[in-house]
Amino acid sequence: MSIKDEIRKIAELQELDTEIYVLQKDKDTKCPLELERMKAEFECKKQALLSIEEKIKQLQLKKKEKEVDLAAKEENLRKSQGHLYQLKTNKDYQAKLNEIGAIKADISVVEEDILKIFDDIESATASRNAEKETLNKEEGKYKEQEMAILNKVKDAEIKINSLLDKRKILAKEVDKNIISRYEQLLKTRQGLAITPVMGGNCGACHMLLNHQKINEIKMYERLVFCESCVRILYISDDIKL
Ligand SMILES: [Zn+2]
């Protein structure tokens, strides 16, 4: 087979390999990153709900403490009121009345605190319910998107396998030295080993090629490489794919 025909074969091979390269990158890098990003975003939304739930828990604990406090104060009030009628002197009676007044004032402060906590619990519960509803919707969306990406990965795998089968057949038709050079370049040049000349420049790194180089390519006596990026060069008009 002439060098020109060999180049045509590896240029065809490059088309398959570029497709494989893009699919593989999508499957191995873009899709997992996207899944990770979506998961982190969803976990973050979940965290918002958990923090409201934690707040409600704290408020309920605080309410319980206040209620215990209130019960103790009420018990104290009852005792003081019981003592009131056992007191003999007017002075003691008045002092007890003052004490009872102070306890009552304390009780009303605690009762107000409890009412305030009750309101806080109510509004936090309303936020939690709204957050829960939002999260349920978000979860549905998240699962849907996750499934779409997993399906994309599966499709890419199927496509890659079929392209690999095709490339295997094509690669067998290329000269052993040329294919080994091509595959080596493919590995070290981000999946692009051969490129057409575009407007007098290397199609990959865009280095301007001199006339001598262009003439050398057009002779198709051997593989000609770009001096800058070391990729194999060809002229599209000569190598019709
Ligand atoms: Zn180049």
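The values are calculated or read from the model by the stated rules, or taken from the named source; none is laboratory data. Quick caveat: nothing in here was measured; it's all calculated off a predicted structure. All Cβ positions, even for glycine, are placed from backbone atoms using ideal geometry, and neighbour counts span all protein chains on display. Heavy atoms of the whole protein, side chains included, go into the accessibility calculation; ligands, DNA and RNA do not. Shrake-Rupley method; radii C 1.70, N 1.55, O 1.52, S 1.80 Å.
Suppose the filter is in a helix (DSSP H, G or I), at pLDDT 95 or above, under 30 Å from E131 (Cα atoms) and open to solvent by less than 80 Å² (accessible area, probe 1.4 Å); does I107 pass it? Spell out how you get there, then give the answer.
Numbers: in a helix (DSSP H, G or I): yes; at pLDDT 95 or above: yes; under 30 Å from E131 (Cα atoms): no; open to solvent by less than 80 Å² (accessible area, probe 1.4 Å): yes.
No: the conditions fail for I107.
Within segment 192-210, residues that are farther than 11 Å from I235 by Cβ and near the ligand (Cβ under 10 Å from one of its atoms) have Cβ atoms under 7 Å from residues that are in a loop (DSSP other than H, G, I, E, B) and polar (S, T, N, Q) in these pairs: C202/S228; C205/S228; M207/S228, counting only partners at least 6 apart in sequence or on another chain. Of the residues making up segment 119-146, those that are surrounded by 14 or more Cβ atoms within 10 Å (Cβ to Cβ) and of a type outside the set (V, I, T) are D120, A124, S127, R128, E131, L135, E138, Y142, Q145, E146. In segment 147-162, is there at least one residue being free of Cβ contacts under 8 Å to residues at least 60 places away in the same chain, open to solvent by 90 Å² or more (accessible area, probe 1.4 Å) and of a type in the set (K, R)? The answer is yes; a qualifying residue exists. K166 meets all of the listed conditions (1) under 30 Å from C31 (Cβ atoms); (2) modelled with pLDDT under 95 but one, namely (2).
Listed by first and then second residue, the pairs with beta-carbon distance under 9 Å, at least 6 apart or on different chains, first residue in segment 223-241 and of a type in the set (G, A, S), second within 8 Å of the ligand (Cβ to nearest atom) and open to solvent by 50 Å² or more (accessible area, probe 1.4 Å), are S228/H206; S228/M207.
For residues in segment 211-222 being without any contact (Cβ under 8 Å) to a residue 40 or more places away in the chain and surrounded by 13 or more Cβ atoms within 10 Å (Cβ to Cβ), which is farthest from the ligand (Cβ to nearest atom)? Reasoning before the result, please.
Taking segment 211-222 and keeping what is without any contact (Cβ under 8 Å) to a residue 40 or more places away in the chain, we get 211-219.
Retained after the next criterion (residues that are surrounded by 13 or more Cβ atoms within 10 Å (Cβ to Cβ)): 213-214, 216-218.
On the way: K213: 11, I214: 13, E216: 14, I217: 12, K218: 17 Å.
Filtering segment 211-222 for residues that are without any contact (Cβ under 8 Å) to a residue 40 or more places away in the chain and surrounded by 13 or more Cβ atoms within 10 Å (Cβ to Cβ), the one farthest from the ligand (Cβ to nearest atom) comes out as K218.
Within segment 167-202, the residues that satisfy the criterion of being more than 27 Å from P32 (Cα to Cα) and basic (K, R) are K168, K172, K176, R181. The condition (being of a type outside the set (V, I, T), outside any helix (DSSP H, G or I) and exposed (fewer than 13 other Cβ atoms within 10 Å of the Cβ)) is satisfied by just one residue among K88, K79, K64, K57: K88.
Whether a residue is open to solvent by 70 Å² or more (accessible area, probe 1.4 Å) and free of Cβ contacts under 8 Å to residues at least 60 places away in the same chain was assessed, and K176 passes this test.
Annotation: M38 fulfils all but one of (1) touching a Phe, Trp or Tyr at 6+ places or on another chain (Cβ under 7 Å); (2) surrounded by fewer than 12 Cβ atoms within 10 Å (Cβ to Cβ); the unmet one is (2). Residues in segment 193-241 that are under 20 Å from M1 (Cα atoms) and in a helix (DSSP H, G or I): E216, I217, K218, M219.
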